[in-house]
Amino acid sequence: MSQTPSVEQAVRQWLKSVVVDLNLCPFAAPVLRASKLRIAVSHAKDWDQLAQDVSYEAMHLVRVSEEETATSILAVSELLSDFDEYNQFLDVADGVVVELGLEGVLQIASFHPQYQFSGTRADALENYTNRSPYPLLHFLRESQISQAVDGPIDTSTIPTQNKAALAAVGLEEMQLRLKRCLVAEE
């Protein structure tokens with residue numbers, strides 16, 4: 001009988017089996033190998049509590065060294081299952097970053113189980129580049145984004161490479177990979 005993995009385990013499985021194995025983010029594997037990714041889980045029951053968790057996670061990331069924690073993911077376990085609601089909350093999360101005076105220091109990337117790029121069908125394969133087992137807020141240091149853009153990898157080609165990677169595995173396999181993240185291994 002399968003058990004449900006913890007939220008953190010599900011996110012780690014997604015990072016490995018989707019993000020790293022398909023190389024959707026060429027910067028993810030080194031951070032994971034070096035154990036410099038923090039995954040925090042919010043069990044907030046309302047937006048106010050969740051905004052407090054966003055504030056805490058943002059402040060935590062800027063208080064620790066990049067050597068200790070390069071980046072952080074806040075997984076939302078109880079709220080924002082609806083993608084439209086999630087999108088509305090992203091404005092709140094970005095507002096928290098601004099209120100903390102961290103605009104230009106931190107940026108939040110978004111991932112959601114029903115992620116849908118504007119202008120795409122809900123079942124479009126390309127949406128799986130940002131589909132995750134739980135609603136996620138990924139805190140990125142702007143300095144790292146600048147280093148990535150100025151680095152040896154041509155970041156402008158990542159979206160095209162991601163589409164090709166997803167096309168190579170197909171929609172059914174992507175759905176299966178995401179589903180597997182929510183089932184504990186025996």
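The values are calculated or read from the model by the stated rules, or taken from the named source; none is laboratory data. None of these values were measured; they are calculated from a predicted model. Heads up, the Cβs are rebuilt from the backbone with ideal geometry, glycines too, and the neighbour counts pull from every protein chain shown.
Quick check on Leu125: is it buried (at least 16 other Cβ atoms within 10 Å of the Cβ) and over 25 Å from Gln52 (Cβ atoms)?
Taking the combined requirement at face value, the residue satisfies it.
For segment 51-80, enumerate the residues that are of a type in the set (S, T, N, Q) and within 18 Å of the chain's Cα centre (by Cα). Step through it out loud before you land on a result.
First, the residues of segment 51-80 that are of a type in the set (S, T, N, Q): 52, 55, 65, 69, 71-72, 77.
Within segment 51-80, Ser55, Thr69, Thr71, Ser72, Ser77 meet the criteria.
Name the pairs whose Cβ atoms lie under 7 Å apart, with the first residue in segment 72-85 and farther than 18 Å from Ser6 by Cα, the second surrounded by 16 or more Cβ atoms within 10 Å (Cβ to Cβ), and 6 or more positions between them or separate chains?
Phe83/His112; Phe83/Tyr115; Phe83/Gln116
Given the residues Val31, Val54, Val92, which is the only one that is crowded, with 18+ Cβ neighbours inside 10 Å, β-branched (Val, Ile, Thr) and in a helix (DSSP H, G or I)?
Numbers: Val31 fails: crowded, with 18+ Cβ neighbours inside 10 Å; Val92 fails: crowded, with 18+ Cβ neighbours inside 10 Å.
None of the others qualify; the one that does is Val54.
Return yes or no: is Ser118 of a type in the set (Gly, Ala, Ser) and either outside any loop (DSSP other than H, G, I, E, B) or at pLDDT 95 or above (or both)? Walk me through it before giving the result.
Working: of a type in the set (Gly, Ala, Ser): yes; either outside any loop (DSSP other than H, G, I, E, B) or at pLDDT 95 or above (or both): no.
No: the conditions fail for Ser118.
Could you tell me whether Asp48 is under 17 Å from the mean Cα position of the chain (by Cα), assigned to a helix (DSSP H, G or I) and among the charged types (D, E, K, R)? Spell out the reasoning first.
Working: under 17 Å from the mean Cα position of the chain (by Cα): no; assigned to a helix (DSSP H, G or I): yes; among the charged types (D, E, K, R): yes.
No: the conditions fail for Asp48.
Pairs under 8 Å by beta carbon, first residue closer than 19 Å to Gln88 by Cα and without any contact (Cβ under 8 Å) to a residue 60 or more places away in the chain in segment 115-129, partner in a loop (DSSP other than H, G, I, E, B) and charged (D, E, K, R), six or more apart or different chains?
Cβ pairs passing all conditions: Tyr115/Arg131.
Condition check: part of a loop (DSSP other than H, G, I, E, B) and under 16 Å from Ala109 (Cβ atoms). Does Leu80 satisfy that?
Details: part of a loop (DSSP other than H, G, I, E, B): yes; under 16 Å from Ala109 (Cβ atoms): yes.
The answer is yes for Leu80.
Taking segment 33-63 as the region of interest, how many residues are within 20 Å of Leu106 (Cα to Cα) and among the aromatic types (Phe, Trp, Tyr)?
Going through segment 33-63 one residue at a time, the tally reaches 1.
Can you tell me which residue within segment 57-85, out of those that are closer than 21 Å to Gly101 by Cβ and among the acidic types (Asp, Glu), is surrounded by the most Cβ atoms within 10 Å (Cβ to Cβ)?
Glu57
Suppose we keep only residues that are touching a residue at least 60 places away in the same chain (Cβ under 8 Å) and small (Gly, Ala, Ser) within segment 1-51. Which one would you say is nearest to Phe139 (Cα to Cα)?
Ala10
Farther than 19 Å from Asp53 by Cα and among the aromatic types (Phe, Trp, Tyr): which single residue out of Tyr134, Tyr86, Tyr115 fits that description?
On the way: Tyr134 fails: farther than 19 Å from Asp53 by Cα; Tyr86 fails: farther than 19 Å from Asp53 by Cα.
Result: Tyr115 is the single residue among Tyr134, Tyr86, Tyr115 that is farther than 19 Å from Asp53 by Cα and among the aromatic types (Phe, Trp, Tyr).
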